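What follows is a single structure, written as structure tokens, with notes after it.
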Amino acid sequence: QVQLVESGGGLVQAGGSLRLSCAASGRSLSTYDMGWFRQAPGKERELVAAISWSGAVINYADSVEGRFTISRDNAKNTVSLQMNSLKPEDTAIYYCAAKVRIVHVPYTYWGQGTQVTVST
């Protein structure tokens, strides 16, 4: 199986930036689509950004479009999320996830999450 570990979370002021990283082990990420999700207390988990196995297809939630950038380095087996112009509503636990590159197959591998807190 694939093991995913997130890092890079922390406390920042509104308008600041953070870069989250996801390191994978067990299998190469080159055969998987990857995504970043987030979940705040009292809210459902939502997809923030996704990137296809090759990096050719990228999608963002409307709430982060233009502020966040997802990228991957299959050679290093990592996925990153650059977060700029952070807002208090971005506060959540952020999760890295992986899925096989088959349409409609759900994300099946998840990291433990990393906390992102944005203060006013």
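Using alpha carbons only, the radius of gyration of the chain set against its Kirkwood radius gives Rg/Rh = 0.95.
Quick check: residue separation of Ser25 and Thr69 times 0.36 nm, minus the Cα distance between them. What number comes out in nm?
13.6 nm
Here the label points at Thr108 and Ser7, each 7 Å from Cα along the C-beta direction, are separated by 2.8 nm in the simple model. What a 1.4 Å probe finds exposed on the stretch 25-76 is 49% carbon and sulfur by accessible area, rounded to a whole percent. Once you reduce the stretch 1-26 and the stretch 88-116 to the center of their Cα atoms, the two points are 11 Å from each other. Rolling a 1.4 Å probe over the protein heavy atoms gives the chain an accessible area of 52 Å² per residue.
Projected label points at Thr120 and Ser52, each 7 Å from Cα along the beta carbon direction, are separated by 4.2 nanometres.
The values are calculated or read from the model by the stated rules, or taken from the named source; none is laboratory data. None of these values were measured; they are calculated from a predicted model. So basically every Cβ, Gly included, is an ideal-geometry build from the backbone, and we count neighbours across all protein chains shown. Side chains are part of the model used for accessible areas, which takes the heavy atoms of the whole protein and leaves out ligands, DNA and RNA. Shrake-Rupley method; radii C 1.70, N 1.55, O 1.52, S 1.80 Å.
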